[in-house]
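A.B. asks: Questions regarding the structure given below will be posed in turn.
What follows is calculated from the coordinates using simple rules that are stated; it is not laboratory data. Note that the structure is a prediction, hence the values are computed from the model and not measured. In this analysis, Cβ positions are derived from the backbone assuming ideal geometry, glycine residues included, and neighbour counts consider all displayed protein chains.
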Amino acid sequence: MNTIKTMLCAVMLLAFTVFGVAQEGLTTTQWQADVDFLKEEVHSNFPFLFKKVTAEEWDAAAAEFRNAIPNLESHEIKVGFSKMVAMFKYGHTQVPFSTLAKYGVLPVNLYHFKDGVYVEGTTKAHEKINGAKVLSVGAFSVEEALAMIRPVVPVENDSYFKAYGIRFLGVPAVLHAQGVIPELGTTVEITVEKEGNTFTYALPQIAYEDLSRDYNLTKPNETWISARSTADTPLYLQKLNDTYFNFEYLPDSKTLYVRQSSVFDHETETIAEFYQRLFAFADTNEISKFIYDVRLNGGGNNYNNKGLIQGILARPELNIEGKFFFIIGRQTFSACQNLTNEIENYTNAIMVGEPTAENKNFYGDNKKVTLPNSKINMYLSFAWWQDLPQWENADATFPIIGIEPTFEEYQNNQDPVLEFILTQDMSDIVTDPMEHFTQLFMQGKVDQLRTDAARILSDPLYAAIPFDVQFMKAAENLEFQGQHEGALLIYQLLTESYPEHAEVWSKFAHMLEVVGQTEAAQQARQKAELLGGK
């Protein structure tokens with residue numbers, strides 16, 4: 001009998017050695033077979049996804065992941081699959097958040113405001129930290145922790161990560177897999193600041209199904225509480241649970257405010273019916289400002305966008321620069337990115353708010369792919385949506401006027417975006433800075449271009465616009481067209497506005513070489529190297 005037990009233990013030890021530490025009933029060989037399946041599926045049916053990452057880079061990461069599997073636990077392997085898919089950097093191409101969250105989540109809803117990450121809501125049992133600013137998670141600052149979990153998120157741009165990536169900071173399985181916490185236990189310690197006091201707080205795990213949130217904000221109920229005062233509710237948060245569409249007329253300012261939080265029909269009203277009701281009201285009331293708010297709109301069916309565009313274009317009295325404002329934000333995504341593109345293309349709306357969560361042109365609609373052994377579902381995009389020429393593509397639609405709320409503003413039901421539109425005199429605002437710069441450049445008004453560029457690029461009002469990227473793209477286009485002196489001028493302007501930007505100096509050095517200014521080019525290249533450039 002003892003001999004049989006000894007033999008059995010030996011067989012079990014051998015199996016553990018061969019199959020590794022992976023759990024959930026799968027052997028190392030089975031997990032690795034899933035990696036091979038994913039690799040073959042991507043190369044055979046989705047090779048077009050190699051747009052932001054090369055096939056060689058992705059294959060190398062897949063091989064490294066495959067080799068690491070014998071030493072990983074099942075939750076670490078699932079995080080590994082999420083990282084593999086996230087490398088394509090398209091929000092629609094993903095392993096669903098629930099796949100990782102099902103291991104358990106922390107009982108908090110975190111939100112990244114202008115002034116930091118805060119506990120936007122939690123359960124009543126943890127009211128002590130409700131509204132607290134998060135300083136660290138485990139042994140890492142919140143900024144470090146966010147950077148560590150970022151590879152797990154199918155990050156399309158920084159706005160996408162702010163809106164949807166921060167959820168992963170509340171998943172202990174992800175925190176452990178990414179080294180934020182040393183072991184996967186029953187609690188996670190966070191350090192917070194509230195009312196002038198800094199303290200460490202241990203948060204237990206709860207079931208993913210016990211979360212209560214919508215539009216990435218806490219949905220209060222008998223268990224969950226929000227940090228936002230319930231004394232009042234700003235317009236963009238009103239009737240969220242009742243309908244996707246809502247409009248209000250503000251008689252004092254003769255403002256028609258519209259909130260659309262989906263591009264799907266609602267069970268109480270179709271989009272077509274809403275548009276009909278909206279424009280019927282607009283046709284029979286005096287309107288000084290027309291504000292259309294899609295900051296919470298995560299998409300839907302982009303074929304529903306046509307009715308809004310037709311309605312606006314049929315009413316030139318609404319489609320006036322300085323009268324028509326379009327509010328975008330970190331949750332503006334998918335079919336609502338298509339809507340934003342159409343608004344930008346065909347109307348005179350001024351974009352206000354935060355950058356969108358989607359690239360202007362992007363891979364959208366996805367196909368479910370199920371791994372054969374683990375049965376993990378992942379969604380790989382196949383439809384390329386291109387509303388703009390490739391040279392006009394960008395990481396996001398950036399608002400002309402960038403406004404991001406602070407926690408205090410949110411907590412007190414203030415809406416700085418709407419307040420700005422209602423109170424700001426728009427006569428002194430350059431509503432299309434890049435077009436303004438282009439016109440000055442074309443007219444040869446170099447001195448004014450320098451003056452205006454210095455003023456606008458330093459104005460916090462325009463802080464959301466990535467002028468460095470846009471200027472460099474313009475310079476590259478000029479160089480491609482053989483307009484070397486024009487390209488050189490733009491790079492010189494960039495060195496004046498972004499003196500600590502290594503890539504700017506490197507590009508400037510290259511252009512100086514092209515025009516034959518060898519000595520100046522060498523000095524610029526030395527500057528780039530000092531700043532960390534190559």
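A.B. asks: Report the calculated FRET efficiency for GLU496 and VAL430 (r = Cβ-Cβ distance, R0 = 25 Å), to the nearest 0.05.
C.D. replies: Details: r = 19 Å, r/R0 = 0.74.
After rounding to 0.05, the efficiency reads 0.85.
A.B. asks: Let me ask something else about it. Full extension from GLN522 to THR243: what is 0.36 nm times the residue separation minus their Cα-Cα distance, to one decimal in nm? If you can, show how the numbers build up before the last one.
C.D. replies: Details: separation 279, 0.36 × 279 = 100.44 nm, distance 6.14 nm.
Stretched out fully, the GLN522 to THR243 stretch lengthens by 94.3 nm.
A.B. asks: What net charge is computed for the residues neighbouring ASN393, neighbours being all others with C-beta under 12 Å from the C-beta of ASN393, Lys and Arg scored +1, Asp and Glu -1?
C.D. replies: Summing Lys and Arg as +1 and Asp and Glu as -1 gives 0.
A.B. asks: Count the net charge of all other residues whose Cβ sits under 12 Å from the Cβ of ASN338, scoring Lys and Arg as +1 and Asp and Glu as -1.
C.D. replies: -3
A.B. asks: If each DSSP helix of 4+ residues adds -39,500 (n - 2.57) and the sum is divided by the residues in the chain, what number results at 222 nm, nearest 500 deg cm²/dmol?
C.D. replies: So the helix-based figure for the chain works out to -12000 deg cm²/dmol.
A.B. asks: Per q in 0.11, 0.18, 0.25 Å⁻¹, report the Debye log10 I(q)/I(0) for the range 149-229, using one uniform scatterer on each alpha carbon and no solvent.
C.D. replies: Relative scattering, expressed as log10 I(q)/I(0), comes to -0.37, -1.02, -1.32.
A.B. asks: Restricting attention to the range 450-525, which GluC sites (Glu not before Pro) occupy a DSSP loop and are surrounded by at most 11 other Cβ atoms within 10 Å?
C.D. replies: Passing both the DSSP loop test and the Cβ count: GLU500.
A.B. asks: Please list, by residue number, everything in the range 73-89 whose backbone N is under 15 Å from a paramagnetic label point 7 Å out along Cα→Cβ of ASN67.
C.D. replies: Nothing falls inside the zone, counting backbone N under 15 Å.
A.B. asks: Here's a follow-up. For the chain, what ratio Rg/Rh do Cα atoms give with a Kirkwood hydrodynamic radius?
C.D. replies: 1.01
A.B. asks: Using alpha-carbon pairs under 8 Å, 6+ residues apart, how would you state the relative contact order of the chain in percent?
C.D. replies: Relative contact order for the chain comes out at 11 percent.
A.B. asks: Could you state the number of Å between the C-alpha centres of the range 134-206 and the range 35-79?
C.D. replies: Spelled out, the Cα-based centre of one part sits 25 Å from the other.
A.B. asks: Hey, can you list the DSSP H helices of the chain whose Cα span along the axis is 15 Å or longer and whose average Kyte-Doolittle score is at least 1.0?
C.D. replies: On the way: long enough: 2-19 (25 Å, 1.68); 28-45 (25 Å, -0.99); 55-68 (20 Å, -0.66); 74-86 (18 Å, 0.22); 271-283 (18 Å, 0.45); 335-346 (16 Å, -0.87); 446-457 (16 Å, -0.03); 467-480 (19 Å, 0.04); 484-497 (20 Å, 0.33); 502-514 (18 Å, 0.36); 518-530 (18 Å, -1.20).
Going by DSSP H runs, the hits are 2-19.
A.B. asks: Let me ask something else about it. Of LYS114/LYS368; LYS114/LYS306; LYS239/LYS306; LYS323/LYS360; LYS39/LYS114; LYS83/LYS507, which pairs sit farther than 29 Å apart, going by alpha carbon to alpha carbon? Numbers along the way, then the final one.
C.D. replies: Details: LYS114/LYS368 36 Å; LYS114/LYS306 34 Å; LYS239/LYS306 24 Å; LYS323/LYS360 24 Å; LYS39/LYS114 39 Å; LYS83/LYS507 32 Å.
The answer is LYS114/LYS368; LYS114/LYS306; LYS39/LYS114; LYS83/LYS507.
A.B. asks: If you don't mind, another one. Taking amide hydrogens as modeled 1.01 Å from N in the peptide plane, which residues meet the under 5 Å criterion relative to GLY300, leaving out close sequence neighbours?
C.D. replies: Residues meeting the amide H criterion: VAL263, ALA335, CYS336.
A.B. asks: Next question, about the same structure. For ALA454 and GLU321, FRET efficiency with R0 = 25 Å and r from the beta-carbon atoms, rounded to 0.05?
C.D. replies: Numbers: r = 25 Å, r/R0 = 0.98.
For R0 = 25 Å, the calculated efficiency reads 0.55.
A.B. asks: Can you work out the Karplus-derived ³J(HN,Hα) for every residue in the range 188-195? Use 6.51 cos²θ - 1.76 cosθ + 1.60 with θ = phi - 60°, whole Hz, and x for glycine or proline.
C.D. replies: For the range 188-195, the Karplus curve yields 10, 8, 10, 10, 10, 10, 8, 6 Hz.
A.B. asks: Which of ASP395, ASP428, ASP59 has the fewest other C-beta atoms within 10 Å, and how do the rest follow up to the most?
C.D. replies: ASP428, ASP59, ASP395
A.B. asks: When ranked by the protection proxy of mean other Cβ atoms within 10 Å per residue, highest first, what sequence do the peptides 92-101, 242-251 form?
C.D. replies: Packing proxy ranking, top to bottom: 92-101, 242-251.
A.B. asks: Work out, step by step, the length gained on full extension between THR268 and THR233: first 0.36 nm times the residue separation, then minus their alpha carbon distance; give nm to one decimal.
C.D. replies: Length gained between THR268 and THR233: 10.4 nm.
A.B. asks: If you take all C-alpha pairs in the range 309-377, what percent of them are over 16 Å apart?
C.D. replies: The share of Cα pairs beyond 16 Å in the range 309-377 comes to 57 percent.
A.B. asks: How large is the Rg to Rh ratio of the range 366-455 when both quantities use alpha carbon positions and Rh follows Kirkwood?
C.D. replies: 1.20
A.B. asks: Obtain the nm distance between the two label points defined at ASN393 and HIS484 by a simple spin-label model: each point lies 7 Å from its Cα along the Cα-to-C-beta direction.
C.D. replies: 3.0 nm
A.B. asks: Between GLN443 and ASN413, what length in nm is gained on full extension when 0.36 nm per residue of separation is reduced by their alpha carbon distance?
C.D. replies: Working: separation 30, 0.36 × 30 = 10.80 nm, distance 4.63 nm.
Taking GLN443 through ASN413 to full extension adds about 6.2 nm, to one decimal.
A.B. asks: Could you check how many percent of all C-alpha pairs in the range 432-530 are farther apart than 16 Å?
C.D. replies: Everything past 16 Å amounts to 54 percent.
A.B. asks: What value does the range 111-192 have for Rg/Rh, both radii from Cα atoms and Rh as Kirkwood defines it?
C.D. replies: 0.94
A.B. asks: While we're looking at this one, here's another question. Please give the net charge around ALA125, taking every other residue with its beta carbon less than 15 angstrom from that of ALA125, where Lys and Arg add +1 and Asp and Glu add -1.
C.D. replies: -1
A.B. asks: Nearest 5 is fine: what % of DSSP beta bridges in the chain come out antiparallel, could you say?
C.D. replies: Of those bridges, close to 70 percent are antiparallel.
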